[in-house]
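Have a look at the structure below before the remarks.
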Amino acid sequence: MLLVHKLEAGYGESIIVRDISLEVRPGQVVCLMGRNGVGKTTLLKSIMGVLKTRGGSISFMDADMTRKAPGLRAAAGIGYVPQGREIFAQLSVYENLLLGLESSKESRKRGIPEEALAKFPVLETMYTRKGGDLSGGQQQQLAFARALASRPKLLLLDEPTEGIQPSIVQEIRDVITNIKNQGDTAILLVEQSLEFVRSVADYVYVIDKGTVVAAGAIDEMNEDELHRYLAV
Ligand SMILES: Nc1ncnc2c1ncn2[C@@H]1O[C@H](COP(=O)(O)OP(=O)(O)O)[C@@H](O)[C@H]1O
Ligand SMILES: [Mg+2]
């Protein structure tokens, strides 16, 4: 579904992501792990197209996305929940959700799908509240629902459990598991907690200094090796 080949990306003079190749298949949850600052967010931004790549290629559902604008990637079916959530503080919950429909004419016509809201029931009770008045966990749920509003085929999730209370972490875990069990949507997830990764992932890529240093099915990953790459 998603094929990243020898990707290179960075900011200004500095190259952050180098020679990264990875694959995400339909129905899979693939995790990106690695210490702070190794380039995980930079990689997701490149896949979404909000950061231009310097080399390599990105293909999604057999279409070349390498030079496509982020809007076209969203319209093709890539949904993105950025790190830090990026909820519009001055807009209402409902308005934030509507922005998730802007990726294509079809989603605008369809409106916010029931199932996106059903996954996060708390949001429906908060429609008129301002995004900025929600708790961190509620904002994360809103960002997740906003991404689901366009019915993406691939979801890019950047540390959705970062700084969030355990009960909402559990809800996010359930939503990810539920999406995975439906079998048609793929997820590329950046996550720091090995325990969380073990509970949802099929496959893991470990990133260090902008490149893949270990990869494999989660059941086959060596625990000591993982800890070594993740230790600060
Ligand atoms: N907008 C930016 N401009 C310049 N450098 C950046 C920018 N964003 C991130 N970086 C640098 O790129 C490196 C990787 O960052 P990032 O991709 O956010 O890592 P991670 O998500 O793995 O913690 C870091 O050294 C960071 O300082
Ligand atoms: Mg990051």
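The values are calculated or read from the model by the stated rules, or taken from the named source; none is laboratory data. Predicted, not measured: the structure shown is a model, and the values here were computed from it. All Cβ positions, glycine included, derive from the backbone under ideal geometry; neighbour counts span all protein chains shown. Quick note on the areas: whole protein, heavy atoms, side chains included, nothing else; ligands and nucleic acids left out. Shrake-Rupley method; radii C 1.70, N 1.55, O 1.52, S 1.80 Å.
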May I ask you to order 215-221, 79-85 by the average number of other C-beta atoms within 10 Å around their residues, highest value first? 79-85, 215-221
Among DSSP beta bridges whose residues both lie in the chain, state the antiparallel percentage, nearest 5. 55 percent
Between their Cα atoms, which of Lys130/Lys209; Lys6/Lys68; Lys45/Lys119; Lys52/Lys209; Lys119/Lys209; Lys52/Lys119 are more than 28 Å away from each other? Lys130/Lys209; Lys119/Lys209; Lys52/Lys119
Give the accessible surface of the stretch 88-232 per residue, rounded to a whole number of Å², with probe radius 1.4 Å and ligands, DNA and RNA excluded. 48 Å²
Would you work out what percent of the accessible area of the chain, with all protein chains in place, is carbon or sulfur (probe 1.4 Å)? 49 percent
Which three semi-axes in whole Å describe the equivalent ellipsoid of the stretch 180-232, each the square root of 5 times a Cα gyration tensor eigenvalue, listed largest first? 21, 12, 10
The chain: relative contact order from alpha carbon pairs under 8 Å, six or more residues apart, as a whole percent, is 29 percent
C-alpha center-to-center spacing [the stretch 218-232, the stretch 1-51] in angstrom: 19 Å
Only four residue types carry charge here, +1 at the Cβ of Lys and Arg and -1 at the Cβ of Asp and Glu. Report the dipole size of the stretch 103-232 about the Cα centre in Debye, rounded to the nearest 20. 900 debye
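Work out the length of the dipole vector of the chain about its Cα centre, built from +1 on the beta-carbon of each Lys and Arg and -1 on the beta-carbon of each Asp and Glu, and round it to the nearest 20 debye. Walk me through the intermediate numbers first.
On the way: 27 positive and 29 negative charges, 183 e Å.
With only Lys, Arg, Asp and Glu charged at Cβ, the dipole is about 880 debye.
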Order the peptides 187-197, 152-162 from the highest to the lowest mean number of other Cβ atoms within 10 Å of their residues. 152-162, 187-197
Rolling a 1.4 angstrom probe over the protein chains, ignoring ligands and nucleic acids, what is the accessible area of Glu106 in square angstrom, nearest 10? 110 Å²
